[in-house]
Amino acid sequence: MSAVLKVNDKDNVVTCLKTLMKGETVEAGGQSITAAQDVPIFHKIAVTEIKRGELCYKYGQIIGRAITDIQPGDYVHVHNIESTRGRGDQVHS
Amino acid sequence: MKISGYRRDNGYFGLRNHLLILPVSVCATVCAERIAALAPGSVAVHNQHGCSQIGLDLDITRRTLIGFGLNNNVGAALVIGLGCEGVQVGEVAEAIAASGKPVASLIIQENGGTLKTIARGAELAAAMMQKLSAQVRRECGLENIILGLECGGSDPTSGLASNPAIGYASTKMVDSGGSSILSETTEVIGAEHLLSERFADPEERARFLRMVSDVEKRAISMGVDLREGQPTPGNKEGGISTIEEKSLGCMYKAGHSPFQGALEYSQPLPIEKPGLYFMDSPGQDIDSITGMVASGANVIIFSTGRGTPTGSPIAPVIKITGNDATYQKMPDNIDLNAGTIFSQGQKLEVLGEELFSLIIQVANGNLTKAECLGHHEFGIYRLTGAF
C-alpha cells in the first residue's frame, strides 16, 4: 500500500498512511513529494503550493483556507489552515 | 433475510427486551438507579433534566423520555417522578402505555420518600421482569431494524475507512427494507451541499438545510471560532484540522441511499415509511445517540478513530475503528477493526459485509462489547439552560 492517500484528483493535500520523517520522499498521485517536516500518521501533507488565503481541498471538497503560504511537502494542520465555517470570532458587532 | 425479536403490540419487533426504569426528572434519577440495582436485568437512565425547562427544551426532554419508553427494544417501563417537576409522570406513563406495553409509575412525594419508593419500585420491577422473561424471540424481517449512525472520537481514518464501511452496511440495510438515521448536525457543516442533493422532497431538503444553518448561526452568535469545540482536541491530535474536514468524513456513514426526511431531535422515525433519515442533533456523541434511540433506533453503529467506551441503556452499540493502533489499544471497547483497510489492504466491501453480518448477529441477541461492559450513557440535548 502507498505511503500516502490522495482521495480526489482535485486535492492539494493528501493523508499520510505512515509517519513521515523530515526529508523522506513519497509518491503521491504520480508525483514525488519530500516531507519538509515530520508528519504524524494519518495527518496531511501538501502536494501543491497553497498560497495564504487559498482554499485547501481533500475529498475533492473545501476543508479550509491557508493562513500561511504552504509549499509542497509541508505538514498541513491547524498551524497553517483554518476553517471557513462557524467563525463567530470574525463577526464584528 | 430473517432475524428474530420480541413482538410488540404495534406489530413491530424489538431486538432486546429491556425493563426501563425511567426517571422523568433529575430529582428522581437516584431512586430510579437504586431500583434498577435491585432488579437485575432492568436498566435506568441517568436523566439530568426534566424540571424548570421551557419551550423547545421542555418539549425535547419530554419527547426523548417518551421515545425511550416507546422504543421497540423496551418490553416494559417503570416511570418514576418526584411529583412537582415540569415533565410529569402521568403524561410520560400514559404516552408509553398507549403502545400497549406494561407500564407502572411511582411518585416519590406520594410514596413517603426515597426508601419507600425504592422498596415499592423494586417490588414492581421484579414482577415486571418476571413477565418479560416469559417472552420468546420470534422470526421477523429486517424492517424491524433501525440503525443509528454515530461517529465519535474521530480521526482521519474515520472518514477514510470506518465511516465508508458503515455507509456500505447502511445502504445494504436500507436496500433490505430496514432504516437508518444519520445525525450530528454540527458535523454536516461543510458537507451539506452534498447530502442535500439526496433529499427527493424539496420541503424535507429545505428543513435539513435550515437545521444546518441554524446550528452554524448559533455557534457564530457566541462570538468565537467553532474550532474551540469542533473539531475536538482529540480530533485535532489525530489529524483532523477543521469542521469541514470532519463533516466530509462523517457523511460517509450515510452511504448512498436517498434521504426520506429530516427529523427533529428524538422525533419518532415513521417506521411504516422505512429508509434513510437525517435527525437534528449536536455532534456530542451521547446526546446524539440518545436522540436517535428516542427516535426509534434499535442498533447503534459507532465509528471511532481515537476509541470510546460509549453504550446506550436500551440499544446495542457496535464499535468500529479505522485505526489499527486504536483497535489494539482498546480491545475491551471495539467490536470491529476497519484499520485492516490500511494495514492489510482489506477491501471496503469485505469490511462492509463483515459489519452487516455483525449487525444481524447483534440484532439476533449477540451482545456487543459495550453491552457486556454495562455501558449505558444517556444525555438529552439542551438548547438553553434551566430556568
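The values are calculated or read from the model by the stated rules, or taken from the named source; none is laboratory data. No experiment lies behind these values; they were computed from the predicted model shown. Cβ atoms come from the backbone with ideal geometry, glycine included; neighbour counts cover every protein chain shown.
Pairs under 7 Å by beta carbon, first residue at the interface with chain B (Cβ under 10 Å from one of its Cβ atoms) and farther than 15 Å from A:Asp38 by Cα in segment A:69-82, partner modelled with pLDDT under 95 and part of a strand (DSSP E or B), six or more apart or different chains?
Hits for this filter: zero, empty list.
Sort out which residues of segment A:1-20 are free of Cβ contacts under 8 Å to residues at least 24 places away in the same chain and touching a Pro at 6+ places or on another chain (Cβ under 6 Å), and write them in order of number. So that I can check it myself, show each step before the final result.
Of the residues in segment A:1-20, the ones free of Cβ contacts under 8 Å to residues at least 24 places away in the same chain are A:1, A:5, A:18-19.
A:Thr19 - this is the single residue of segment A:1-20 that is free of Cβ contacts under 8 Å to residues at least 24 places away in the same chain and touching a Pro at 6+ places or on another chain (Cβ under 6 Å).
What number of residues in segment B:206-221 are surrounded by 17 or more Cβ atoms within 10 Å (Cβ to Cβ), within 9 Å of another protein chain (Cβ to nearest Cβ) and not aliphatic (A, V, I, L, M)?
Number of matching residues: 1.
I need the helices (runs of 4 or more DSSP H) fully contained in segment B:304-363, keeping only those with at least 1 residues that are within 30 Å of B:Gly67 (Cα to Cα) and among the hydrophobic types (A, V, I, L, M, F, W, C).
Working: elements: B:324-329, B:340-343, B:348-363.
So the answer is B:348-363.
Conditions tested, residue by residue: (1) buried (at least 19 other Cβ atoms within 10 Å of the Cβ); (2) among the β-branched types (Val, Ile, Thr).
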| site | (1), (2) |
| --- | --- |
| A:Val14 | yes, yes |
| A:Leu17 | yes, no |
| A:Thr25 | no, yes |
| A:Gly30 | no, no |
| A:Ala35 | yes, no |
| A:Glu49 | no, no |
| A:Gly53 | no, no |
| A:Tyr59 | yes, no |
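Mind counting the residues in segment A:83-93 that are within 7 Å of another protein chain (Cβ to nearest Cβ), more than 21 Å from the chain's Cα centre (by Cα) and not in a helix (DSSP H, G or I)?
Of the residues in segment A:83-93, 1 are within 7 Å of another protein chain (Cβ to nearest Cβ), more than 21 Å from the chain's Cα centre (by Cα) and not in a helix (DSSP H, G or I).
Test A:Ala66 against the stated conditions and say whether it is without any contact (Cβ under 8 Å) to a residue 24 or more places away in the chain and either more than 9 Å from chain B (Cβ to nearest Cβ) or of a type in the set (A, V, I, L, M, F, W, C) (or both). Explain how you work it out, then say what you get.
Details: without any contact (Cβ under 8 Å) to a residue 24 or more places away in the chain: yes; either more than 9 Å from chain B (Cβ to nearest Cβ) or of a type in the set (A, V, I, L, M, F, W, C) (or both): yes.
Spelling it out, A:Ala66 is indeed without any contact (Cβ under 8 Å) to a residue 24 or more places away in the chain and either more than 9 Å from chain B (Cβ to nearest Cβ) or of a type in the set (A, V, I, L, M, F, W, C) (or both).
Is segment B:350-369 home to any residue that is more than 22 Å from the chain's Cα centre (by Cα), within 14 Å of chain A (Cβ to nearest Cβ), free of Cβ contacts under 8 Å to residues at least 24 places away in the same chain and surrounded by fewer than 23 Cβ atoms within 10 Å (Cβ to Cβ)?
no
Determine the pairs where a residue that is within 10 Å of B:Leu82 (Cβ to Cβ) and among the hydroxyl-bearing types (Ser, Thr, Tyr), located within segment B:106-122, has a partner that is in a helix (DSSP H, G or I) and modelled with pLDDT of 95 or more with Cβ atoms under 7 Å apart, the partner being 6 or more residues away or on another chain.
From residues that are within 10 Å of B:Leu82 (Cβ to Cβ) and among the hydroxyl-bearing types (Ser, Thr, Tyr), the pairs are B:Thr117/B:Cys31; B:Thr117/B:Ile108.
Could you list all residues from segment B:65-91 that are of a type in the set (Val, Ile, Thr) and under 22 Å from B:Leu147 (Cα atoms)? Walk me through how you get there before you give the answer.
Just the residues of segment B:65-91 that are of a type in the set (Val, Ile, Thr), to begin with: B:66, B:74, B:79-80, B:87, B:89.
If the condition is that a residue be of a type in the set (Val, Ile, Thr) and under 22 Å from B:Leu147 (Cα atoms), then B:Ile66, B:Val74 are the ones that fit.
Kindly list the number of the only condition in (1) outside any loop (DSSP other than H, G, I, E, B); (2) in contact with a Leu (Cβ under 7 Å, 6 or more places away or on another chain); (3) of a type outside the set (Asp, Glu) that fails for B:Ser99.
The failed condition is (1).
How many residues does segment B:222-245 hold that are within 7 Å of chain A (Cβ to nearest Cβ) and part of a helix (DSSP H, G or I)?
As a first pass, look at segment B:222-245 and keep what is within 7 Å of chain A (Cβ to nearest Cβ): B:222-227, B:236, B:238-239, B:241-245.
Now narrow it down to the ones that are part of a helix (DSSP H, G or I): B:226-227, B:236, B:238, B:243-245.
Number satisfying all stated conditions: 7.
How about segment B:39-69: which of its residues are in a helix (DSSP H, G or I), buried (at least 20 other Cβ atoms within 10 Å of the Cβ) and aliphatic (A, V, I, L, M)?
Residues satisfying the conditions are B:Ile60, B:Leu65, B:Ile66.
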